[in-house]
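What follows is a short report on a single structure.
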Amino acid sequence: MERAKRKLEHIDFALKTGQQRKSGLEDISFIHQSLPGISLNNVDLTVEIGGLNLSSPIFINAMTGGGGLETEKLNGDLAIAARETGIAMAVGSQMAAIKDSGQQASFKVARQENPNGVLIGNLGGEATVEQAKRASDMIEADALQIHLNVIQELTMPEGDRNFAGTLSRIEEINRCLGVPMIVKEVGFGMSKETVEQLLSVGVSIIDVGGFGGTNFAKIENERRAKILSYFNEWGIPTAASIVEAVNVSPALSVIGSGGIQCPLEITKSLALGAKGVGLAGHFLKLYKELGLAQLIKEINYIHEDLKIIMTALGAANISELRKTKIVIAGNTYHWLTQRGID
Ligand code: FNR
């Protein structure tokens with residue numbers, strides 16, 4: 001039950017350490033156009049990401065690992081929110097349920113609550129092909145996320161210290177899984193070098209999981225006596241990470257995430273070239289503080305606001321939004337200039 005306790009602490013500390021608001025998306029500006037030339041009624045939010053047909057570019061990102069009754073309640077309620085709003089949802093790490101089948105109910109509940117929705121499984125980079133298949137079968141997953149969380153593990157007193165072989169395991173899972181695989185970070189971002197390595201072994205969907213929102217270095221530092229404070233500011237901000245990943249290859253589907261909370265940040269992420277946007281900490285906070293009904297309302301508001309912003313920009317669909325012109329200022333401009341990315 002050590003794992004379950006840790007996962008519950010993650011939820012508490014994620015709420016306590018809060019959102020940092022330094023995702024770099026504040027450096028992105030849209031260019032106002034006085035003749036957008038489209039009608040709000042014709043704005044279409046559907047998108048295809050690596051073979052997944054989605055009615056919305058936003059989804060509930062992985063949060064609910066660990067097993068236990070609290071996980072079951074959270075997964076069930078988040079699945080209801082996903083069902084009621086038509087968005088996709090990823091469950092948190094299923095490793096607890098792979099190691100102890102008594103924990104499977106905590107994850108299966110998501111499929112029971114949303115039988116026809118797009119549901120994404122989740123395991124870490126230590127997973128084998130066999131574990132990946134079991135995680136995917138457990139929830140009849142439409143896709144599987146594999147998370148990379150080196151800094152979290154290093155900050156965690158009981159965390160992994162050996163990161164050898166992850167890339168070849170990912171290659172193997174991708175080859176054998178049978179549903180699309182998404183490789184994601186958990187709030188430290190992905191560099192173009194990492195994305196190039198992943199692409200070289202056949203990965204085609206990347207969730208950048210950038211710096212600027214939930215901070216697992218801070219969360220784990222809350223749980224240890226000797227603090228590794230140097231990791232608290234470690235990571236690639238979300239805006240820069242999206243551009244790093246998008247520029248690697250047009251063959252990739254890039255998902256923007258990390259500190260994203262509002263419709264404007266969602267549209268900015270898509271305008272940087274992301275195809276979808278994951279929200280974790282913000283949805284968790286809304287759910288914990290205001291409840292399920294309010295979370296559902298908020299997701300519906302986000303959809304309305306996305307359409308309003310897209311109308312102002314003259315972007316009738318997500319592929320037009322991804323081509324919208326933007327201006328990049330501040331730290332994000334400097335980051336991308338020094339990295340030789342335009
Ligand atoms: C997470 N996240 C996460 N990611 C993952 O791949 N597997 C997991 O089990 C978890 N667990 C988890 C628990 C809690 C409480 C939170 C808040 C987050 C990371 C999450 O999916 C996301 O990558 C980061 O939180 C960054 O996005 P936000 O929170 O800034 O929107």
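The values are calculated or read from the model by the stated rules, or taken from the named source; none is laboratory data. What you see is a predicted model, and the numbers here were worked out from it, not measured in a lab. FYI the Cβ positions are ideal-geometry reconstructions off the backbone, even for glycines, and counts take in every protein chain you see. Ligands, DNA and RNA are excluded from the accessible area calculation, which covers all protein heavy atoms including side chains. Shrake-Rupley method; radii C 1.70, N 1.55, O 1.52, S 1.80 Å.
Okay, here's what the table says:
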read-out: Accessible surface of the range 224-342 [probe 1.4 Å, protein heavy atoms]: carbon and sulfur percent; value: 56
read-out: Helix 292-313 vs. the chain, principal-axis angle (Cα, 0 to 90°, nearest 10); value: 30
read-out: Listed residue pairs exceeding 27 Å between alpha carbons, taken from LYS133/LYS288; LYS22/LYS73; LYS99/LYS184; value: LYS133/LYS288; LYS22/LYS73
read-out: Per residue accessible area of the chain, 1.4 Å probe, in Å²; value: 42
read-out: Computed magnitude of the charge dipole of the chain (debye, nearest 20; Cβ of K, R +1, Cβ of D, E -1); value: 280
read-out: Dipole magnitude of the range 203-296, debye to nearest 20 (Cβ charges: Lys/Arg +1, Asp/Glu -1, about Cα centre); value: 200
read-out: Listed residue (MET63, ASN331, LEU148) projecting farthest to the positive dipole end of the chain, Cβ model; value: ASN331
read-out: For GLU9, solvent-accessible area (1.4 Å; no DNA, RNA or ligand), Å²; value: 50
read-out: Area of HIS147 that stays accessible when all protein chains are in place (1.4 Å probe, Å², to 10); value: 30
read-out: The range 1-155, Cα convex hull volume normalised per residue, Å³; value: 155
read-out: Crossing angle, helix 68-85 versus the chain [Cα axis fit, 0-90 degrees, rounded to tens]; value: 20
read-out: q = 0.08, 0.10 Å⁻¹: log10 I(q)/I(0) that the Debye formula gives for the chain, counting C-alpha atoms only; value: -0.34, -0.54
read-out: Relative contact order (%) - the range 1-114, alpha-carbon pairs under 8 angstrom, separation at least six; value: 26
read-out: Net length gained if the chain between LEU15 and ARG223 were fully extended (0.36 nm per residue, minus Cα distance); value: 73.5 nm
read-out: Solvent-accessible area, 1.4 Å probe, carbon plus sulfur percent, for the range 164-220; value: 50
read-out: Coarse-grained scattering of the range 185-228 at q = 0.18, 0.19, 0.34 Å⁻¹, given as base-10 log I(q)/I(0) from a Debye sum over alpha-carbon atoms; value: -0.62, -0.65, -1.12
read-out: Cβ crowding within 10 Å averaged over residues, with 321-332, 241-252, 30-41 ranked highest first; value: 241-252, 321-332, 30-41
read-out: Acute angle (nearest 10 degrees) that the helix 281-290 long axis makes with the longest principal axis of the chain, alpha-carbon atoms; value: 80
read-out: Projected label distance in nm at GLN197 and GLU304, using a 7 Å step from Cα toward the beta-carbon; value: 4.5
read-out: Within the accessible area of the range 3-94 (1.4 Å probe), percent carbon and sulfur; value: 50
read-out: Label zone at ARG175, where the point sits 7 Å out along the Cα-to-Cβ direction: the range 117-131 residues whose backbone N lies under 13 Å; value: 129
read-out: Relative contact order of the chain, defined on C-alpha pairs under 8 angstrom at six or more residues apart (%); value: 23
